[in-house]
Amino acid sequence: MSLKTDIIRAVENGLLRLREHEIIVKSASISAKESDGVCRIRTGKLPRYEHSIESYLSVLESDTIVTRTYSTIHLEYDVRDDEIVGHRLVYFPCPVLIREADEEFDVADYVASCDLRSQAMLISPLRFDFTPTEARENHSASHVHLGPDARLPVSGPVHPIRFFRTIVGLYYPEQFEAVEADLASSGFGRRTLTARENIELFLNAD
């Protein structure tokens, strides 16, 4: 099985399992397009992520995965010659407190009109980036963003299933035990840490 096929199947399987457990309520298209020798695999269309409510609304209204808490998920992988050369994996929490909703509920209208002083929550998107061509000191090849300017090294590129398990464990812990059985832990088995990063605090992608 090629790496491209493995990634696509892993994304499809992960989304299917999250839907079965009612963690996601809206899925997105999965595309694989070749350009200059690189195959880009992604869910929906990658919007510009900023730490703002306006950015959240633009993401929500795009072709994206939406969870039952009105958070959004996006995955994008670049593959060349059966090797990952980049990825961006994002979980964007809903930035406002939603106490209850009915079937006619429109979260975009609600967020745009709510009282931000009492309902806004200061939550940053969870974003795993793999950008080996941009690696330098204090900018690891693989890293997770902890805010606009803070990054924590990750041992290597993150597998889709590992990303889905991380989301469930952090944001839907009451369902992790049930989901864990359906999403066996997976990894790419590739380490990109420098000697210095290897002795500092980092996240293990495998």
> Could you state the number of Å between the C-alpha centres of region 131-206 and region 1-78?
Replying inline: 17
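Taking R0 as 25 Å, what FRET efficiency do you get between GLU177 and ASN204 from their Cβ-Cβ distance, rounded to the nearest 0.05?
It comes to 0.75.
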> Taking amide hydrogens as modeled 1.01 Å from N in the peptide plane, which residues meet the under 5 Å criterion relative to VAL85, leaving out close sequence neighbours?
Replying inline: ASP78, VAL79, ARG80
> Between GLU83 and ALA32, what is the label-to-label distance in nm when each label sits 7 Å out along the Cα-to-Cβ direction?
Replying inline: 2.0
>> Could you sort the peptides 55-62, 72-79 by per-residue average Cβ neighbour count (10 Å cutoff), highest mean leading?
In response: 72-79, 55-62
> So how much slack lies between ARG9 and GLU54, counting 0.36 nm per residue of separation and subtracting their Cα-Cα distance, in nm?
Replying inline: 13.0 nm
>> Skipping prolines and chain starts, which residues have an amide H placed within reach, meaning under 5 Å, of the one on LYS26, given they are 5 or more residues away or on another chain?
In response: VAL66
> Once amide H atoms are placed 1.01 Å from N in the peptide plane, what residues at a sequence separation of 5 or more from ALA205, or on another chain, have their amide H within under 5 Å of its amide H?
Replying inline: SER155, GLY156
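A short reminder: the numbers here are calculations on the coordinates, not readings from a lab. None of these values were measured; they are calculated from a predicted model. Neighbour counts run over all protein chains shown; Cβ positions are idealised from the backbone, glycine included.
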